[in-house]
Amino acid sequence: MTKTLYRTTLHRALIGLTVAGFLTLAAAQQDANSMGAGAASGNSAKPGMSDQRFMKEAAQGGMAEVELGKLAVQNASSDEVKKFGQRMVDDHSKANDKLKELASAKGITLPQAPNAKQKATKDQLSKLSGEQFDKAYMRDMLKDHKQDIAAFQSESNIGHDADVKNFATQTLPTLRDHLKDAQGIAPKVLQARSSIQPTSSQ
C-alpha cells in the first residue's frame with residue numbers, strides 16, 4: 001500500500017509539473033506574440049532618433065517645396081515651369097498631410113516652417129521673375145529632388161520604424177516623377193535665348 005500510494009503521489013506530482021510547464025510556455029508564447037504584433041504595427045512605439053530626424057527634415061523640405069511652388073506659379077514666365085510649380089504645391093501638400101498624420105500618431109512634433117537655408121532660397125527667388133526666376137528655380141528643383149530621393153531611399157532601405165519606412169517608400173515614386181519632369185524642363189529654360197548673340201561694338 002505504501003509503495004502504491006508513493007507511486008500515485010509521485011505520478012500526480014509529475015503530471016502537475018508537466019501541466020504547469022505547458023501553461024507557463026503558453027503564457028510566454030502569448031506574451032511574445034503580443035509584443036511581436038505591437039512591433040509590427042508600430043502604431044504606438046515612438047520612432048528612434050534617426051527616424052525622427054528624417055521626419056523633421058522631410059517636413060521642412062516638403063513645406064519649402066510648397067512655398068517655392070507657389071512662387072513659381074506667380075513669378076515664372078514659362079508655362080511648363082508654372083505647371084511644374086503647381087504640381088509641387090499639390091503633391092507635396094498631400095505628402096505633408098500624410099507625414100503630419102503619421103507624426104501625430106507617433107507623438108512626434110514636426111517643425112512648423114522650413115529651415116534657415118530653405119528660407120534664404122525662397123527670399124532669393126522671390127526677388128526674381130520671368131526667365132531669371134525660371135532658371136534659378138529649375139536649378140534648385142534639380143538639386144533638391146536629387147537630395148530628397150537620396151534621403152527617402154535611405155530611410156526606405158535602413159529606417160527602423162516600419163511606418164516611417166513605409167511613408168518614405170510610398171513617397172519615392174512621386175519624387176522620382178518630379179525629378180524626371182525637372183530634368184525635362186530645366187534644359188529648355190536654362191538654354192533660353194542661348195542663340196541670341198551679343199552685339200559687338202566696333
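Summary table
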| read-out | value |
| --- | --- |
| For region 67-116, the spread of Cα positions along each principal axis, largest first, Å | 43, 23, 10 |
| Whole-Hz ³J(HN,Hα) from phi, Karplus 6.51 cos²θ - 1.76 cosθ + 1.60, for region 125-141, glycine and proline x | 5, 5, 8, 9, 7, x, 5, 4, 5, 3, 5, 5, 5, 5, 4, 5, 5 |
| About the Cα centre, charge dipole magnitude for region 49-202 (Lys/Arg +1, Asp/Glu -1 at Cβ), debye | 320 debye |
| Residue-count net charge about Ala136 - beta-carbon cut-off 14 Å; Lys, Arg +1, Asp, Glu -1 | 0 |
| Coordinate range along principal axes, alpha carbons of region 48-190, Å, largest first | 44, 26, 21 |
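Only the coordinates and a few stated rules stand behind these numbers; no lab work does. Owing to the predicted nature of the structure, the values given are computational and were not obtained by experimental measurement. Note that we place each Cβ from the backbone using ideal geometry, even for glycine, and neighbour counts take in every protein chain shown.
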